[in-house]
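**Student:** Can you keep this structure in mind? I'll have questions shortly.
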Amino acid sequence: MSIRIFGAAVAVLLSCAQALWAGPLQDDLKARRARVMERLTPQSLAIVWSAPTRVYSGDVDYEYRQDSNLLYLAGVTQPDTILVLMPGNKTQREILFVSEPNPRREHWNGHILTKAEATAESGIANVYYTGQFESFLTAMFGQSSFGSPRLAETQEYATFFAAVAAGKASLALPLGAPPPPSAPLTQPFQFANQARERFFNVGVTDTIGILSDLRQVKTPYELQVMEQSGLISSDAHKAGMRTARPGRFEYEVEAAIEHTYLSRGAMSWGYPSIVGSGPNATTLHYNASSRKMEDGDLLLVDAAGNFQGYTVDITRTYPVNGRYSAPQRALYEIVLEAQLAAIDQVRPGRSFMAAHDAAVRAVTRGLIKVGILKGPLESDLREGRYKPYFMHKTGHWLGLDVHDVGDYRIDGESRLLEAGMVFTIEPGLYVAPDDKTVPAKWRGIGIRTEDDIVITADGHRILTDALVRDADEIEAFMAG
Ligand SMILES: [Mn+2]
């Protein structure tokens, strides 16, 4: 008897524990949602949808990737999930809709979160099934309560209902830029149109700006995840360096890199690996990885894993035989100097473009030094003569997406850096194999070096510092 009572007590405790959320991630998710709601009017009903599943072929889907905004706010990685935020509500300002349990489907495709599990993952107490979403909306715009009868008694939704009655309700949707006139509408645009046909006097506002602003400045929790992501991807690059040698194929290096992601708990790559040897190193987004590497080749590897939804972005360029040739090393030193000059510009209050400007100046100076450009420096800079060899920008924001959200300019001015922003510094030099304007020794050399920087209160930290970077270090690592 006492054992049964004890057992029951344990069961009650366990179910309480399951209904609660006590993790640092859930606290952070809650704070992120609160910051979104601070920027919405109390008359708003904000919706964020999960990403659709996508067919790979036949009845097989691609690996599922959650919508970054939903992941950012709810932390739930399964499809058919909808987040609703109603900042004007009395107590239930966050509402989550998740798939209904389906034993048959789960038998084939794996577990679907129960409501209690969805609460534990997201920190959202109010969870309904996705099948109830339409009736929820109909109720909200019909000014009738939804959920437990208690919510009607306490007038949970009174602020939103008053807004609907006054024609001041606002649907806050992640719209972003409209698709071109003849392109299909994205789900939020489609939804906005349907809502306006059914519920009159409803305004629609775009939440993409709010979400992008918030995502641009990482929380301490996000930075911890990115730090871990940086360590895994640095180790992956080291595994690639150990694998590269003349006679092996690019895909063998790719396999060593991606093996490291999975064996270290990363879900997959953060973006498709670029493993380009010899002339392929001059193709910016080469992804065939099919060439046999030869003695004397450089290998350009741009790769990083997706760890808990976050990716870093790392590039290294190294000799497959372990030794840079003299021309390879000369250009490598230029790229590295450009990277260091750019990193030196990174601190709070400095403009985002300062790093690029410093890299361009260093690249131009280096190209003059080796005779590829003729100088003088200021005229080569003014005419942009580096551009045939360095044709991309020096960096981009980084986070849930490899080219993460966030403004680069505000009111026409380059964005000033703030603590918590994360971005790449990745100068490169690419001499086309058929470039007859330069001596033959330079042709077909492609080099990029890329590291990831966090802005701190008083400067910066390099997230990807665990990986060898300068030419001597790389040669020593490959010899070891
Ligand atoms: Mn990059």
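What follows draws every value from the coordinates through simple rules; no lab data is involved. No experiment lies behind these values; they were computed from the predicted model shown. Here the Cβ is made from the backbone with ideal geometry for all residues, glycine too, and neighbour counts use every protein chain on show.
**Student:** Note down the net charge around Gln43, summing +1 for each Lys or Arg and -1 for each Asp or Glu among other residues with Cβ under 14 Å from its Cβ.
**Tutor:** After counting each charged neighbour, the total is +3.
**Student:** Mean Kyte-Doolittle of at least 1.6 plus a Cα span of 15 Å or more along the axis: flag which DSSP H helices in the chain meet both, please.
**Tutor:** Both cut-offs are met by 2-19.
**Student:** Next question. Calculate the all-directions average of the projected area of the chain's alpha-carbon convex hull, and give it in nm².
**Tutor:** 29.8 nm²
**Student:** Extension gain Lys168-Phe199, at 0.36 nm per residue separation less the Cα-Cα distance, in nm?
**Tutor:** 10.0 nm
**Student:** Using the Cβ atoms and a cut-off under 10 Å, what net charge is assigned to the surroundings of Ala244, where Lys and Arg are +1 and Asp and Glu are -1?
**Tutor:** Within the 10 Å Cβ shell, the charges total 0.
**Student:** So how strong a dipole does the chain carry about its Cα centre when Lys and Arg Cβ are +1 and Asp and Glu Cβ are -1, to the nearest 20 debye?
**Tutor:** It comes to approximately 320 debye.
**Student:** Please identify every one of the GluC sites (Glu not before Pro) in segment 363-421 that sits in a loop by DSSP and has no more than 14 other beta carbons within 10 Å of its own beta carbon.
**Tutor:** Counting only loop positions with at most 14 other Cβ atoms within 10 Å, the GluC sites (Glu not before Pro) in segment 363-421 are Glu418.
**Student:** Now for a different question. By the scheme Lys and Arg +1, Asp and Glu -1, what is the net charge of all other residues having a beta-carbon under 13 Å from that of Met293?
**Tutor:** -2
**Student:** While we're looking at this one, here's another question. Could you calculate the contour length gain from Phe249 to Arg323, that is, 0.36 nm times the residue separation minus the distance between their Cα atoms, to one decimal place in nm?
**Tutor:** Between Phe249 and Arg323, full extension yields an extra 24.8 nm.
**Student:** Within straight cross-link reach of Lys441, meaning Cα distance under 20 Å, which aspartates and glutamates are found once same-chain residues fewer than 8 apart are removed?
**Tutor:** Hits, sequence-local ones excluded: Glu294, Asp295, Asp297, Glu333.
**Student:** With +1 on each Lys and Arg Cβ and -1 on each Asp and Glu Cβ, and nothing else charged, work out how big the dipole of segment 217-479 is about its Cα centre, in Debye to the nearest 20.
**Tutor:** 740 debye
**Student:** Something else now. Order these by the 10 Å Cβ neighbour count, fewest first: Ser122, Ser99.
**Tutor:** Ser99, Ser122
**Student:** Compare the Cα positions of Tyr430, Gly309, Gly395 along the charge dipole of the chain (+1 at Cβ of Lys, Arg; -1 at Cβ of Asp, Glu; about the Cα centre) and return the one farthest towards the positive end.
**Tutor:** Gly395
**Student:** Please identify the trypsin sites (Lys or Arg not before Pro) of segment 54-106 that satisfy two criteria: DSSP loop assignment and at most 14 other Cβ atoms within 10 Å. Which are they?
**Tutor:** Arg54, Lys90
**Student:** Give the separation of the Cα centroids, segment 356-376 to segment 54-73, in Å.
**Tutor:** With segment 356-376 and segment 54-73 each reduced to a Cα centre, they are spaced 44 Å.
**Student:** Let me ask you something else. Inverting the mean 1/r over all pairs of different Cα atoms, compute the Kirkwood radius of segment 19-214 and quote it in Å.
**Tutor:** Result for segment 19-214 stands at 17.7 Å.
**Student:** Once every DSSP H run of n ≥ 4 in the chain is given -39500 (n - 2.57) and the sum is divided by its residues, what mean residue ellipticity at 222 nm do you get, rounded to the nearest 500 deg cm²/dmol?
**Tutor:** Helix contribution divided over all residues of the chain: -12000 deg cm²/dmol.
**Student:** At 7 Å along Cα-to-Cβ for each site, give me the label-to-label distance between Arg415 and Lys369 in nm.
**Tutor:** Each label point is offset 7 Å from its Cα along the Cβ direction, giving 3.2 nm.
**Student:** Using only the Cα atoms of segment 217-479, build the gyration tensor, take square roots of its eigenvalues as a ≥ b ≥ c, and label the shape rounded, prolate or oblate: rounded if a/c is under 1.5, else prolate if a/b is larger than b/c, else oblate.
**Tutor:** oblate
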